[in-house]
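Report on one structure; see the data block that follows.
The values are calculated or read from the model by the stated rules, or taken from the named source; none is laboratory data. Quantities reported herein were computed from a predicted structural model and do not represent experimental measurements. Every residue, glycine among them, receives a Cβ derived from its backbone with ideal geometry; neighbour counts consider all protein chains shown. Each accessible area value is taken on the protein alone, full model and side chains, heavy atoms only, with ligands, DNA and RNA left out. Shrake-Rupley method; radii C 1.70, N 1.55, O 1.52, S 1.80 Å.
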Amino acid sequence: MTTAATDAATDNLAALESEAIHIFREVAGEFDRPVILFSGGKDSTLLLHLAIKAFWPAPVPFPLLHVDTGHNFDEVIAFRDHVVEKYGLRLIVANVQDWIDDGRLTERPDGTRNPLQTQPLLDTITEHKFDAVFGGGRRDEERARAKERIFSLRNAFGQWDPRRQRPELWNLYNGRHRPGEHVRVFPLSNWTEADVWNYIAREKVELPSIYYAHQRKVYKRDGMWLTEGPWGGPRDGEEVKELTVRYRTVGDGSCTGAVESTASTVEEVIAEVMASRLTERGATRADDRLSEAAMEDRKREGYF
């Protein structure tokens, strides 16, 4: 990379960081009970890193919320707990299994629990009266997210209505909402996957080990390398292989695929991302393939 290109990339990251920090401080001044959605994945970890920078040396003034499907990767849960302990944060966990046990939710025939996260999320927001909910969504990830605002108003049922979204001119954000409503806030909206990894490299942000190349037993289904776990395993005819893989995104293990990769450092991951023609969700998330409008439907229901 030339000096001019390096300088431009540095300026871009500085501008993105400044925008995100401004958004965190704006929410802190405008809302009463914000919360940060935190799964231990790279985007939510970056979100937390920016929140820490926004309020340092004071502690982060918001709790964290994780909607735990019970089908998460062990490495990610261990990392989540490590980060919470390291920074002395308050973590609220909404376990999908609790909703299944008491009958509020029913297991899906396909075994995936990602679509089941919506009700626990909305119930927990209501229970704690959160009025602003930070998420790590980015516009480059998927079409439904591409048209999302940074401040996204949700009605009393947690649902997204395109007719009620506000214009956002000159970095002015309108957080007005009625009692019972809340606002989803996306400070990473203008970041790309490459921006995320370049910033992780610059700031030396710690991530779960599964984002880097490692050996894992996997089997191929619908063009993706899945791994066996509490969510199930290979079907008849699906051969298990031990490959060198890594994860570009992490979520419910039943629908999150690995990619074959030897990228074991941040720099190698960046080179891989720059050469990719598919976003991480498009390449490795089966839940986004349930229908053409799968993510759009889940957004309307209140998932993100």
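A few notes on this one:
- About the centre of its Cα atoms, region 125-177 shows a dipole size close to 220 debye [charges on the beta carbon of Lys, Arg (+1) and Asp, Glu (-1) only; nearest 20 debye].
- Comparing Trp99, Trp197, Trp225 in a Gaussian network model of the chain (Cα springs below 10 Å), the most mobile by mean-square fluctuation is Trp99.
- Helix-derived mean residue ellipticity, 222 nm - over the chain, DSSP H n ≥ 4, -39500 (n - 2.57), to 500: -11000 deg cm²/dmol
- A straight line joining the Cα centroids of region 36-52 and region 56-91 runs 9 Å.
- Mean separation of Cα contacts under 8 Å, 6 or more apart, over the residue count of region 209-289: relative contact order %: 31
- Dipole of the chain [Lys/Arg +1, Asp/Glu -1 at C-beta], most positive-end residue of Leu65, Leu169, Trp231: Leu169
- Rolled with a 1.4 Å probe across the full set of protein chains, the surface gives Leu172 an accessible area near 110 Å².
- This model, with +1 at the C-beta of Lys and Arg and -1 at the C-beta of Asp and Glu, gives region 209-289 a dipole about its Cα centre of some 80 debye.
- Nitroxide proxy distance, nm - points 7 Å out along Cα→Cβ at Glu85 and Ala156: 4.3
- A value for Cα extents along the principal axes in Å was derived from the coordinates, and within the list [x] 121, 74, 33; [y] 109, 67, 34; [z] 59, 55, 38 it appears as [z].
- Protein heavy-atom surface of region 209-289, 1.4 angstrom probe: 48% of the accessible area is carbon and sulfur, with nucleic acids and ligands not counted.
- Within a Gaussian network of the chain (alpha carbon springs, distance under 10 Å), most fluctuating of Ala51, Ala132, Ala156: Ala156
- Length-normalised contact order for the chain - Cα pairs under 8 Å, 6+ apart - percent: 20
- Positive-pole candidate from Val240, Trp99, Gly253, dipole of the chain, charges at beta carbon: Trp99
- Placing unit charges on the Cβ atoms only, positive for Lys and Arg and negative for Asp and Glu, gives the chain a dipole magnitude near 720 debye about its Cα centre.
- Within the chain, antiparallel bridges make up roughly 60 percent of the DSSP beta bridges whose residues both belong there.
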